[in-house]
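Read through the structure below, which is laid out as structure tokens, and then see the notes.
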Amino acid sequence: MSLHIHLDTVGGISGDMFVAALLDCWPEFAEHLEEQIAKAGFADLVKLDVSAKNDGVLQGTGFQVTDLNSSHPHHLLRHLGAPPAHDHRHYREIRAVLEASELAPDVKAHALGIFHCLAEAEARVHGKEIAAVAFHEVGAWDSIADIIAAAWLIAASGASSWSVSSLPLGRGLVKTAHGMLPLPAPAVALLLEGFRFHDDGLEGERITPTGAAILRYLEVSQQARPGIALRLQKSGLGFGSRHFPGLSNVLRILVFAADEVEKPWQEDQVLKLSFEIDDQSQEDLALGLDRIRNIEGVLDINQQAVTGKKQRAALSIQVLAEPGSADKVLAACFNETTTLGIRQQTLRRAILPRCSRTVELDERRYQAKVVRRPDGHFSAKAELSDLLHTKLNHGEREQLRQRIEAGALAAGPPGKGDDE
């Protein structure tokens with residue numbers, strides 16, 4: 001069983017609303033937030049307040065961060081040798097603080113991920129390199145504390161997937177350090193490209209940059225998750241600070257237990273190694289890739305032509321391998337090619353059930369793979385190596401292939417003992 005969390009943006013979403021809604025679901029988590037702020041390094045700068053809230057219609061939770069040391073707002077950055085900044089915090093400074101903190105690795109990763117989403121959007125808005133991005137409203141201590149709290153709650157919730165409702169568009173202008181900006185704010189619009197919106201006619205900011213960054217970081221879906229049955233376990237309401245006429249300004253969270261339905265495929269993980277080559281002859285590279293392909297654990301190798309640095313013609317190489325073979329495959333890639341660096345990525349892979357069938361035709365034996373498709377039908381594919389050994393022309397090989405595949409399908413569907 002896994003947990004799925006759905007975010008229902010009734011009034012919108014901000015960092016404090018996200019934290020408050022999760023705390024309304026799990027009030028016992030509130031006592032741990034001060035410890036997380038201390039581990040992040042600025043317990044003496046902020047105070048956290050979690051309280052019950054009622055707008056006369058709904059009962060939920062509010063979350064507020066108070067700046068305790070506004071006269072010395074740069075205490076957190078002084079130990080890094082960072083110069084004081086009266087109205088902003090640079091992304092590189094915040095990142096350095098978080099990386100040096102005592103936060104647990106998963107919490108640190110969540111916090112850094114949310115800030116990275118924000119920094120990418122701000123860089124695009126202002127046409128800067130990401131390292132030069134400075135946060136203004138998001139750089140305030142209360143917003144930083146919101147993100148630290150959100151990161152810890154994401155980890156503590158144990159949710160394996162997230163989804164979100166259609167988002168309220170909002171109307172009008174918002175006052176920022178850059179002046180008056182249209183809503184949704186430019187950074188929010190970039191962060192939420194591809195999300196569905198609706199206009200409920202209400203004025204004001206409905207989605208803050210922090211709220212948008214959380215949605216983007218969590219890679220939330222706006223569609224029902226296929227292949228699972230959802231059982232509602234609990235719900236929570238997190239209040240925002242704004243008031244809207246005729247509408248409760250809440251973010252509602254629905255926590256589901258997701259019972260996995262048996263899937264018509266198996267799932268595992270595969271390692272993808274990627275690199276580019278622009279200084280090795282094609283003949284030598286082909287020999288090297290053949291040697292890599294023959295290493296136990298290597299599943300496939302793909303290559304395609306690309307334009308590299310300084311407009312050089314290059315080849316982009318992708319090696320798929322079993323994760324347990326990482327070290328020996330990496331070593332082989334370095335030994336057999338001229339690459340100086342290899343990107344590594346672990347991917348989820350879905351595999352259809354299949355089996356190998358032996359088909360006897362004209363006193364010869366041929367191999368074919370039979371695969372069960374998700375819609376229930378079966379397909380077969382003759383082994384190319386068997387066809388290459390025959391002294392037939394193209395048309396004759398095609399007829400033989402069809403006979404082999406028909407014979408493999410006639411032998412029946414894959415059984416439990418047949419799956420490879």
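The values are calculated or read from the model by the stated rules, or taken from the named source; none is laboratory data. A quick note: this is a predicted structure, and the numbers were derived from the prediction, not measured. All Cβ positions, even for glycine, are placed from backbone atoms using ideal geometry, and neighbour counts span all protein chains on display. Ligands, DNA and RNA are stripped out before the accessible areas are found, and what is left, the full protein with its side chains, is counted by its heavy atoms. Shrake-Rupley method; radii C 1.70, N 1.55, O 1.52, S 1.80 Å.
If you take the charge dipole of region 269-331 about its Cα centre, with +1 on Lys and Arg Cβ and -1 on Asp and Glu Cβ, which of VAL306, LEU271, ILE317 is farthest toward its positive end? Going by the charge dipole, the pick is VAL306. For region 248-341, the list of GluC sites (Glu not before Pro) that fall in a loop by DSSP and count at most 13 other C-beta atoms within 10 angstrom reads GLU262, GLU296. Pairs of Cα atoms nearer than 8 Å and 6+ residues apart set the relative contact order; for region 124-208 it is 30 percent. Scaling the Cα radius of gyration of region 183-332 by the globular reference 2.2 N^0.38 Å produces a ratio of 1.66. Seen from ILE114, the other residues with C-beta closer than 10 Å to its C-beta sum to a net charge of 0, counting Lys and Arg as +1 and Asp and Glu as -1.
Over all distinct Cα-Cα pairs of the chain, the Kirkwood formula returns a hydrodynamic radius of 25.8 Å.
To the nearest ten degrees, helix 394-410 and the longest principal axis of the Cα atoms of the chain are 70 degrees apart. Relative to the Cα centre, the charge distribution of the chain, modelled as +1 at Lys and Arg Cβ and -1 at Asp and Glu Cβ, gives a dipole magnitude of about 720 debye. Using only Cα atoms, tell me the angle between helix 209-218 and the longest principal axis of the chain; keep it within 0 to 90° and round to the nearest 10. Taking the Cα atoms of the chain, the angle to 209-218 is about 30 degrees. Once you order the gyration tensor axes a ≥ b ≥ c over the Cα atoms, which shape class does region 97-187 get: rounded for a/c under 1.5, otherwise prolate or oblate by comparing a/b with b/c? Cα axes put region 97-187 in the oblate bin. For LEU392, the accessible surface of its heavy atoms amounts to roughly 60 Å² (probe 1.4 Å, protein chains only, rounded to the nearest 10). Against the chain, whose longest principal axis comes from its Cα atoms, helix 326-336 is set at around 70 degrees.
Leaving out ligands, DNA and RNA, and with a 1.4 Å probe, what % of the accessible surface on the chain is carbon or sulfur? Roughly 50 percent of what the probe reaches on the chain is carbon or sulfur.
SER143 exposes around 20 Å² of accessible area when a 1.4 Å probe is run over every protein chain in place.
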